[in-house]
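Read the structure below first, then the notes.
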Amino acid sequence: MDDAITAPTRSAVAHVILALYGVLLAAIAFWPTPVDAGLGGLIAQLTSTLPALTYPRLEFGANILLFFPLGVLLALILPRARYLVVPLSLVVTVTVECVQAIALDQRTPSVMDIVANTTGACLGLLLVAVIAAARRPAPARTTTVERAEIED
């Protein structure tokens with residue numbers, strides 16, 4: 001399939017998925033109570049089964065996973081401006097934490113959440129960049145003789 005034909009379709013799909021993801025992210029981030037409140041038993045079982053998996057580590061990992069799609073989707077939507085993915089993701093996560101601090105008294109905003117969320121977006125961006133680099137055709141190799149002819 002020709003990339004010129006599929007690129008606009010890919011972008012449109014990424015926009016739709018980003019909108020759906022945004023709704024889901026807002027629901028999770030702005031839920032009035034901690035989203036893991038009903039998972040106490042499961043979390044206790046996980047942390048007792050895997051002692052290295054402490055609650056702070058589990059929460060950090062969950063935040064990375066939560067923002068990974070944002071990095072992927074923004075990188076797909078902004079292929080020529082991927083340098084904006086990290087700052088945009090940082091703005092989103094700082095906004096989330098500020099709203100939690102100001103308006104949601106049962107939620108606990110955290111600098112570590114900002115670090116984890118931004119890390120997740122960075123990893124999503126990295127995945128897209130690596131795949132794009134792998135798909136890019138290798139530059140044509142020139143021999144020493146060809147380079148000498150070009151320079152003359």
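Could you list, in sequence order, all residues of the range 63-83 that are surrounded by 12 or more Cβ atoms within 10 Å (Cβ to Cβ) and free of Cβ contacts under 8 Å to residues at least 40 places away in the same chain? Residue satisfying the conditions is Leu78 alone. Scanning the range 95-122 for residues that are surrounded by fewer than 16 Cβ atoms within 10 Å (Cβ to Cβ), closer than 22 Å to Gly61 by Cβ and among the hydrophobic types (A, V, I, L, M, F, W, C) gives Val111, Met112, Val115. Does Val86 qualify as being β-branched (Val, Ile, Thr) and under 16 Å from Ala121 (Cβ atoms)? For Val86, the condition - β-branched (Val, Ile, Thr) and under 16 Å from Ala121 (Cβ atoms) - is met.
Where residues in the range 1-23 are hydroxyl-bearing (Ser, Thr, Tyr) and surrounded by 11 or more Cβ atoms within 10 Å (Cβ to Cβ), which of them is modelled with the lowest pLDDT? Top of the filtered list is Thr6.
Can you spot a residue in the range 93-110 that is closer than 23 Å to Leu18 by Cα, free of Cβ contacts under 8 Å to residues at least 40 places away in the same chain and aliphatic (A, V, I, L, M)? Checked the range 93-110: at least one residue is closer than 23 Å to Leu18 by Cα, free of Cβ contacts under 8 Å to residues at least 40 places away in the same chain and aliphatic (A, V, I, L, M).
The values are calculated or read from the model by the stated rules, or taken from the named source; none is laboratory data. Not measured: the values here are computed from a predicted model. No Cβ is skipped: glycine too gets one built from the backbone with ideal geometry, and neighbour counts run over all protein chains shown.
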